[in-house]
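Colleague: Right, I'll just put the structure down here and ask away after.
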């Protein structure tokens with residue numbers, strides 16, 4: 001099944017300032033998530049963030065927020081955002097059935113949110129290079145478990161090119177100019 005920009009939501013789970021210093025690969029996860037969020041904003045794919053108990057873990061990391069365009073933030077106390085009624089009602093109201101998910105910690109909040117989304121009938125796409133934990137082994141196990149239960153592992157490039165669908169449009173050319181050339185932390189442009 002191919003991702004469709006008109007059916008997708010990008011869900012970034014708990015990229016929080018108080019948590020990221022202990023996350024193995026956290027910097028790379030933020031860079032990949034931010035890059036894809038820029039493309040999502042350009043294509044009008046909703047970008048949603050969650051924050052787990054921000055009074056203790058802090059808000060979303062400033063490095064992610066600094067270049068993030070339009071987005072919505074959901075605060076939660078449950079590990080799975082699908083246990084928060086306001087979130088599930090808003091997601092259902094969008095009418096989009098594909099959720100690209102990433103964040104920290106992969107084996108706790110990202111996994112439990114992915115499983116909850118799968119249980120609710122959504123198609124879940126696990127953004128592999130942007131889902132991280134304190135220990136890489138736990139992130140790997142989380143991806144395997146999510147995929148064993150119906151999620152699909154994807155990369156940011158896979159998502160971007162599936163959302164774009166074809167290369168002969170003005171939209172593709174504009175996004176290619178800003179986002180799809182070789183990228184590094186120094187060359188990423190956000191909308």
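The values are calculated or read from the model by the stated rules, or taken from the named source; none is laboratory data. This structure is a prediction, so every number in the text was calculated from the model and none was measured. Neighbour counts run over all protein chains shown; Cβ positions are idealised from the backbone, glycine included.
Colleague: Among the numbered conditions (1) over 12 Å from the mean Cα position of the chain (by Cα); (2) in contact (Cβ under 8 Å) with a residue 60 or more places away in the chain, tell me where residue 9 comes up short.
Modeller: Checking residue 9 against (1) over 12 Å from the mean Cα position of the chain (by Cα); (2) in contact (Cβ under 8 Å) with a residue 60 or more places away in the chain, the one that fails is (1).
Colleague: So is residue 118 without any contact (Cβ under 8 Å) to a residue 40 or more places away in the chain, within 19 Å of residue 19 (Cα to Cα) and surrounded by fewer than 21 Cβ atoms within 10 Å (Cβ to Cβ) or not?
Modeller: Numbers: without any contact (Cβ under 8 Å) to a residue 40 or more places away in the chain: yes; within 19 Å of residue 19 (Cα to Cα): no; surrounded by fewer than 21 Cβ atoms within 10 Å (Cβ to Cβ): yes.
Criteria not met by residue 118.
Colleague: Let me ask you something else. Can you pull out the residues in the stretch 41-64 that are touching a helix residue (DSSP H, G or I) at 6+ places or on another chain (Cβ under 8 Å), within 19 Å of residue 166 (Cα to Cα) and assigned to a helix (DSSP H, G or I)?
Modeller: 42, 43
Colleague: How many residues are in contact with a strand residue (DSSP E or B) (Cβ under 8 Å, 6 or more places away or on another chain), surrounded by 15 or more Cβ atoms within 10 Å (Cβ to Cβ) and touching a residue at least 60 places away in the same chain (Cβ under 8 Å) when one looks only at the stretch 41-72?
Modeller: The qualifying residues number 4.
Colleague: Any chance the stretch 141-158 includes a residue that's within 13 Å of the chain's Cα centre (by Cα) and farther than 23 Å from residue 42 by Cβ?
Modeller: Yes, that holds for at least one residue.
Colleague: Same structure again: Taking the stretch 128-137 only, how many residues are without any contact (Cβ under 8 Å) to a residue 40 or more places away in the chain, within 19 Å of residue 30 (Cβ to Cβ) and surrounded by fewer than 17 Cβ atoms within 10 Å (Cβ to Cβ)?
Modeller: Number of matching residues: 0.
Colleague: Could you say which residue among 12, 1 is within 25 Å of residue 150 (Cβ to Cβ), outside any helix (DSSP H, G or I) and at pLDDT below 95?
Modeller: The unique qualifying residue is 1.
Colleague: Go through the stretch 74-89 and give me each residue that's surrounded by 15 or more Cβ atoms within 10 Å (Cβ to Cβ) and outside any loop (DSSP other than H, G, I, E, B).
Modeller: Passing the criteria: 74, 75, 76, 81, 82, 87, 88.
Colleague: Further, regarding this structure: Would you call residue 125 in a helix (DSSP H, G or I) and crowded, with 17+ Cβ neighbours inside 10 Å?
Modeller: No; evaluated as a whole, the condition is false for this residue.
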